[in-house]
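Trainee: Sharing a structure below in structure tokens format, with a few things to ask.
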Amino acid sequence: MTSQSAAALRSRYVEQAVSDLEENRRLQQELQERISMLKQEEALLGDIISLAERYKGFTDASRLPEQPQDERVAARPKQAAAGATSPRAERAKGSSSGTSAKSGTKGKPRQPLLGDLLTKLLAKYDEPRLAKELRDELLKKHPDRNPTPQVVRNTLESLVAKGRIQRHKQQRSVMYTLVKQG
């Protein structure tokens, strides 16, 4: 092995390690935020239990504290609860029963599909792009979206299967381009 090829290999290893380190730190941040959210939820549930224990002996409903009628309770649905379904299942159920998927979003506009966003990003380039590059650009342009690298790759592969984009292999890298219509 020549010193030039060894330097190139070392450079690639360093680039990959830097990329992996950034991804690792990003995932750690996500997990820290999730843990914080779970601790807040734990405290709220503990408060609910203690409140329920405090009013356990009351049989007269008029003595219980009332919630004003115009005040809404901001509770997230629990997927682990009996009969609970995922948001995706709710959308599917809503669309199959004749109701629109937007009816449950309370005026919130529906986000574009990840496949459509990736297709738009690919349309700007003539040369093949790596899934990582597409994900990085997606995160910059749509900070509200945070798909994992695996989700981006899976979405790109589904677009390949549908014939909307093409896959190109260069050495060990997989790159994607938009299929030109015409």
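Per-residue answers, yes or no, for (1) part of a helix (DSSP H, G or I); (2) at pLDDT 90 or above; (3) in contact with a strand residue (DSSP E or B) (Cβ under 6 Å, 6 or more places away or on another chain):
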position	(1), (2), (3)
81	no, no, no
85	no, no, no
90	yes, no, no
107	no, no, no
110	no, no, no
117	yes, yes, no
122	yes, yes, yes
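Trainee: Here's a check for you: in the stretch 167-182, which residue that is touching a residue at least 24 places away in the same chain (Cβ under 8 Å) and of a type outside the set (Val, Ile, Thr) is farthest from residue 121 (Cα to Cα)?
Mentor: The extreme case among them is 170.
Trainee: Being surrounded by fewer than 17 Cβ atoms within 10 Å (Cβ to Cβ) and assigned to a helix (DSSP H, G or I) is the filter here; which residues of the stretch 138-169 pass it?
Mentor: 139, 140, 141, 149, 150, 151, 154, 157, 158, 160, 161 - these are the residues of the stretch 138-169 that are surrounded by fewer than 17 Cβ atoms within 10 Å (Cβ to Cβ) and assigned to a helix (DSSP H, G or I).
Trainee: Can you tell me which residue in the stretch 118-155 is farthest from residue 166 (Cα to Cα), limited to those that are touching a Lys or Arg at 6+ places or on another chain (Cβ under 8 Å) and not aliphatic (A, V, I, L, M)?
Mentor: Within the stretch 118-155, the match that is farthest from residue 166 (Cα to Cα) is 147.
Trainee: If you go through the stretch 119-128 one residue at a time, do you hit one that is in contact (Cβ under 8 Å) with a residue 40 or more places away in the chain, touching an Asp or Glu at 6+ places or on another chain (Cβ under 9 Å) and open to solvent by 60 Å² or more (accessible area, probe 1.4 Å)?
Mentor: No, there is no match, as no residue in the stretch 119-128 is in contact (Cβ under 8 Å) with a residue 40 or more places away in the chain, touching an Asp or Glu at 6+ places or on another chain (Cβ under 9 Å) and open to solvent by 60 Å² or more (accessible area, probe 1.4 Å).
Trainee: Output the number of residues of the stretch 145-166 satisfying the condition of being touching a residue at least 40 places away in the same chain (Cβ under 8 Å) and more than 25 Å from residue 25 (Cβ to Cβ).
Mentor: Number satisfying all stated conditions: 4.
The values are calculated or read from the model by the stated rules, or taken from the named source; none is laboratory data. Source: prediction; values computed, not measured. All Cβ positions, glycine included, derive from the backbone under ideal geometry; neighbour counts span all protein chains shown. Note: areas computed on protein heavy atoms with side chains; ligands, DNA, RNA excluded. Shrake-Rupley method; radii C 1.70, N 1.55, O 1.52, S 1.80 Å.
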